[in-house]
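This report refers to the structure that appears directly beneath it.
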Amino acid sequence: MMKLKEVESLLGHDDRIWCVKWDPSGTLLASCGSDKTIRIWCKEGNSWITKTILTEGHEKTIRNIAWSPCGIYLASVSFDGTTVIWEKKDDFERLSVLEGHENEVKGVAWSVTGKYLATCGRDKTVWVWEVIDETEYECSAVLTNHTQDVKNVIWHPQEDILASCSYDDKINIYKEDDDDWICSGTLSGHLSTVWNIEFDSKGSRLVSCSQDKTVKLWRNTSNNHNTSNWECIHTINGYHDRAIYDISWCNLTGRLATTGSDNKINIYSEATDKNSFMIETSVTEAHSQDINTLTWNPKVEGMLASGSDDGIIKLWQIHE
């Protein structure tokens, strides 16, 4: 029977952790939180250590971080309303500060080409930034299709197509149309806040997790990625007792991981027809407080990182 076992606890943050993200190589882990710092972790010998602490970027809680596809740049967004771009050299150097959101910025993501950066926030907007060069970012669009706080954004893995999720219980899909960005589809089905979303490796399916304690699997029934005709084909229900805050889809195995305010981590495997998921294993009390974030390592099969209100990052490994 498959089990998820804790490998290591990473200590250093002195307040809640909002986000953990692996770099594309799977050798660096970035974390951020309410202590207004970003930590970069790497493995030294048999244990993970803090390689760098970034302290000069934000004046308030850092809510989210994202690595560029090339792994050279890191974007961070904060309750101070700004987005900071960092460059990885011998150390990390702050390159740019992007301003425009009226208040808390909560989500950030790079497009697969690295040409665009998207941000979203409490002001109900999604911003699309065009990357002109390593220090210059130009606002291409401010999208106002959500009616409430926008929780997160994610790009399609193959196309310049963007998705966002919100406190208004909706998921929106955006695409560029004649040099303008438009909302090409809205996914409705959750009964409460949609906290996070993830595409599969091809971009033909999407998963979402919600305050309503469910996970939904959506499929684009169109043969064209640029046409948004999404249908909910499966709902996972009954495995979380409270809100599900984060979801991660493993490109190496096809497994889903979910977590939330019930302190659980659940692992699901997809059916052979790829139309549904089945629970494989669950870790109760994976942390002592709400778990806000988790992510699969992109290169090491079965390796997962999680971060919690308890200020601890944990590394996990699947054992068959």
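Data table
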item	result
Amide H within-cut-off set for GLU280, under 5 Å, with H built and near neighbours excluded	ILE267, TYR268, SER269
Under the Karplus curve 6.51 cos²θ - 1.76 cosθ + 1.60, θ = phi - 60°, whole-Hz ³J(HN,Hα) for the range 191-204, x wherever Gly or Pro sits	9, 7, 3, 8, 7, 7, 9, 8, 7, 7, 5, 9, x, 8
Reach of LYS88 by Cα under 28 Å, taken over lysines that are not fewer than 8 positions away in the same chain	LYS21, LYS36, LYS43, LYS51, LYS60, LYS106, LYS115, LYS151, LYS299, LYS314
Geometric extent, Cα atoms of the range 227-320 - Rg, Dmax (angstrom)	13.6, 43
Modelled label reach - GLU138, point 7 Å along Cα→Cβ, the range 177-217 residues with backbone N closer than 15 Å	179-181
Two-decimal log10 I(q)/I(0) for the range 204-268, as the Debye equation yields it once each C-alpha is a single scatterer, q = 0.12, 0.18, 0.19, 0.21 Å⁻¹	-0.33, -0.67, -0.73, -0.84
At 0.692 mPa s and 37 °C, Stokes D of the range 165-246 from Kirkwood alpha-carbon radius, µm² per second	249 µm²/s
Equivalent ellipsoid, the chain (semi-axes from 5 times Cα gyration tensor eigenvalues, Å)	26, 26, 18
Under-5 Å amide H pairs with THR82, H placed in peptide plane, nonlocal only	VAL105
Label point distance in nm, ASP241-ILE72, each placed 7 Å from Cα along Cα→Cβ	4.9 nm
Rounded FRET efficiency, nearest 0.05, which uses the C-beta distance separating GLN158 from LEU95 and R0 of 45 Å	0.95
Carbon/sulfur fraction of accessible area - the chain, other protein chains in place, 1.4 Å, %	40 percent
Modelled label reach - GLU56, point 7 Å along Cα→Cβ, the range 21-38 residues with backbone N closer than 16 Å	37-38
Å³ per residue enclosed by the Cα convex hull of the range 111-233	96 Å³
FRET efficiency estimate (nearest 0.05) - Cβ-Cβ, GLU231 to ASP179, R0 22 angstrom	0.15
Rg/Rh for the range 28-107, where both radii come from Cα atoms and Rh is the Kirkwood radius	0.98
Estimated distance in nm for a label pair at LEU252 and LYS5, the labels positioned 7 Å out from Cα along Cα-to-Cβ	1.6 nm
Per-residue ³J(HN,Hα) for the range 175-190, Karplus 6.51 cos²θ - 1.76 cosθ + 1.60, θ = phi - 60°, Hz, x for Gly and Pro	8, 7, 9, 6, 6, 10, 9, 10, 7, 9, x, 10, 9, 10, x, 6
Karplus-derived 3J(HN,Hα), 6.51/-1.76/1.60, for each residue of the range 76-83, Hz, glycine and proline x	10, 10, 9, 5, 7, x, 10, 10
Under-5 Å amide H pairs with SER96, H placed in peptide plane, nonlocal only	ILE85
Pairwise FRET efficiency - ALA271 versus GLU102, Cβ, R0 = 41 Å, nearest 0.05	0.40
Neighbourhood charge, 12 Å Cβ-Cβ cut-off, centred on HIS101 and excluding it, Lys, Arg +1 and Asp, Glu -1	-2
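The values are calculated or read from the model by the stated rules, or taken from the named source; none is laboratory data. It should be emphasised that the depicted structure is a prediction, and the values quoted were computed from it without experimental measurement. Every residue, glycine among them, receives a Cβ derived from its backbone with ideal geometry; neighbour counts consider all protein chains shown. These accessible areas exclude ligands, DNA and RNA; they are computed on the full protein's heavy atoms, side chains included. Shrake-Rupley method; radii C 1.70, N 1.55, O 1.52, S 1.80 Å.
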